[in-house]
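K.L.:
Before anything else, here's the structure in question.
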Amino acid sequence: MDYQNILNNIEQEVLSKNVTGKVAAYIPELSCISADKLGMHLYCINSGHYQFGDSNERFSIQSISKVFALTMAMLVHTDDLFKRVDVEPSGDPFNSLIQLEREQGIPRNPFINAGALVVSDTLMSHFENPKEEFLKFVHTITQNDSIDINEEVYLSEKKHSHRNASLVHLMKSFGNIKNDVDQVLDFYVYQCAVAMSCKELATAFMIYANGGSLLNGESEIITPSKVKRINAIMQTCGFYDEAGEFSFRVGLPGKSGVGGGIAAIHPGQYAVTVWSPPLNPKGNSELGMLCLERLTTLTGLSIF
Ligand code: GLU
């Protein structure tokens, strides 16, 4: 398969599109990013790297970090984790409070904000320095120690976290947050502020495409059985209240973030990432979704 040619075609096709989406502005620092950024990186298990555009420029990974936090939590906790957070699609916006009130403080899944706050709480109970451990985990799976948070994004989101603060307080009132609410929120915002390029993200997501192991050898990060579960949650819950649409149009497990990034995998084949900041009304990168839809269409390969 001539993947580079396919990516070049995708780039040409999407560059001519009239984008109607908007760059996220509820975290003020995110709105400083140019709406014209566009990058894609495909990392194939058998044939290596292909890319176009701004694929080497770091951006705010935002909710894509929730996949890494869940992976860490599944490494250190056993089944009790899924007593505190469910694995059902929410069908509601990622920061909704309504469902949480109705369902007594048990978030629908680990990829909505409430779920990621509970996952963060479990990591805080386990690690003395959870922020350090989180970055260490990202460094391990990318084999790249230079990855760090974007301090401006971190501070900007901290100042504008009222909705996430409500979620964490509500869950505390139901007994589903064990640590200090401000510290849980701080740790969560820290994870979201990690900055990575499409290439670095595709490298990180290779563990989900490659049965839990790094591609460079035998190092197993997480078992194939746990990866199967993480991929299942990505498939059903990775795209806010548009997970069905993403499955329908693209057909790969993945996770998006309000920074405009999407990371997806084809088990046994590849990890792929796209970055384009303007978001559609459901919060997913408008061109990112289109690029991935074209990828699975032009290659004729998806998990379905
Ligand atoms: N830090 C963002 C928030 O909590 C993440 C949202 C996202 O990327 O889905 O609102």
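K.L.:
State which residue pairs qualify: first residue at positive phi and inside the range 228-244, second residue crowded, with 19+ Cβ neighbours inside 10 Å and at pLDDT 95 or above in any location, beta carbons under 7 Å apart, and separation of 6 or more residues or different chains.
P.N.:
TYR240/ASN284
K.L.:
Taking interchain pairs and intrachain pairs at least six residues apart, which have beta carbon atoms under 7 angstrom, with the first residue in the range 20-34 and of a type in the set (D, E, K, R) and within 13 Å of the ligand (Cβ to nearest atom) and the second modelled with pLDDT of 95 or more and not in a loop (DSSP other than H, G, I, E, B)?
P.N.:
Cβ pairs passing all conditions: GLU29/GLU152; GLU29/VAL153; GLU29/SER156.
K.L.:
Something else now. Determine, yes or no, whether LYS255 is under 16 Å from ILE112 (Cβ atoms) and assigned to a strand (DSSP E or B).
P.N.:
It is true that LYS255 is under 16 Å from ILE112 (Cβ atoms) and assigned to a strand (DSSP E or B).
K.L.:
So which pairs qualify, if the first residue must be in the range 103-122 and in contact (Cβ under 8 Å) with a residue 12 or more places away in the chain, the second must be among the charged types (D, E, K, R) and within 11 Å of the ligand (Cβ to nearest atom), the Cβ gap must be under 6 Å, and the two must be at least 6 apart or on different chains?
P.N.:
Filtered contacts from the range 103-122: PHE111/LYS66; ALA116/LYS66.
K.L.:
Quick check: is even one residue across the range 135-142 among the charged types (D, E, K, R), away from the ligand (no atom under 16 Å from the Cβ) and part of a helix (DSSP H, G or I)?
P.N.:
Scanning the range 135-142 turns up at least one residue that is among the charged types (D, E, K, R), away from the ligand (no atom under 16 Å from the Cβ) and part of a helix (DSSP H, G or I).
K.L.:
Starting from residues that are out of contact with any strand residue (DSSP E or B) (no Cβ under 9 Å at 6 or more places or on another chain) and assigned to a loop (DSSP other than H, G, I, E, B), keep the ones in the range 1-28 and report whichever is nearest to HIS162 (Cα to Cα).
P.N.:
TYR26
K.L.:
Okay, moving on. Which count do you get for residues in the range 271-304 that are away from the ligand (no atom under 14 Å from the Cβ) and either in contact with a Cys (Cβ under 6 Å, 6 or more places away or on another chain) or part of a helix (DSSP H, G or I) (or both)?
P.N.:
Number of matching residues: 15.
K.L.:
Turning to a different aspect of this structure: Identify all residues within the range 230-244 that are assigned to a helix (DSSP H, G or I) and modelled with pLDDT of 95 or more; write none if there are none.
P.N.:
Of everything in the range 230-244, those that are assigned to a helix (DSSP H, G or I) and modelled with pLDDT of 95 or more turn out to be ILE230, ASN231, ALA232, ILE233, MET234, GLN235, THR236, CYS237.
K.L.:
Among residues belonging to the range 190-229 that are under 22 Å from VAL76 (Cα atoms), of a type in the set (A, V, I, L, M, F, W, C) and buried (at least 23 other Cβ atoms within 10 Å of the Cβ), point out the one that is nearest to the ligand (Cβ to nearest atom).
P.N.:
Ranking the qualifying residues of the range 190-229, first place goes to CYS192.
K.L.:
Let me ask something additional. Within the range 49-110, considering only helices (runs of 4 or more DSSP H) that don't extend past its boundaries, which have at least 1 residues that are modelled with pLDDT of 95 or more and touching a Ser or Thr at 6+ places or on another chain (Cβ under 9 Å)?
P.N.:
65-76, 81-84
K.L.:
Looking for something of a type outside the set (Val, Ile, Thr), out of contact with any Ser or Thr (no Cβ under 9 Å at 6 or more places or on another chain) and within 21 Å of ASN95 (Cβ to Cβ) - is there at least one such residue anywhere in the range 133-145?
P.N.:
no
K.L.:
When the range 249-259 is examined, which residues are found to be away from the ligand (no atom under 16 Å from the Cβ) and either at pLDDT below 95 or not hydrophobic (A, V, I, L, M, F, W, C) (or both)?
P.N.:
Within the range 249-259, ARG249, GLY251, PRO253 meet the criteria.
The values are calculated or read from the model by the stated rules, or taken from the named source; none is laboratory data. Everything numeric in this text was worked out from a predicted model, so none of it was measured. Positions of Cβ are backbone-derived with ideal geometry, glycine not excepted, and every protein chain shown enters the neighbour counts.
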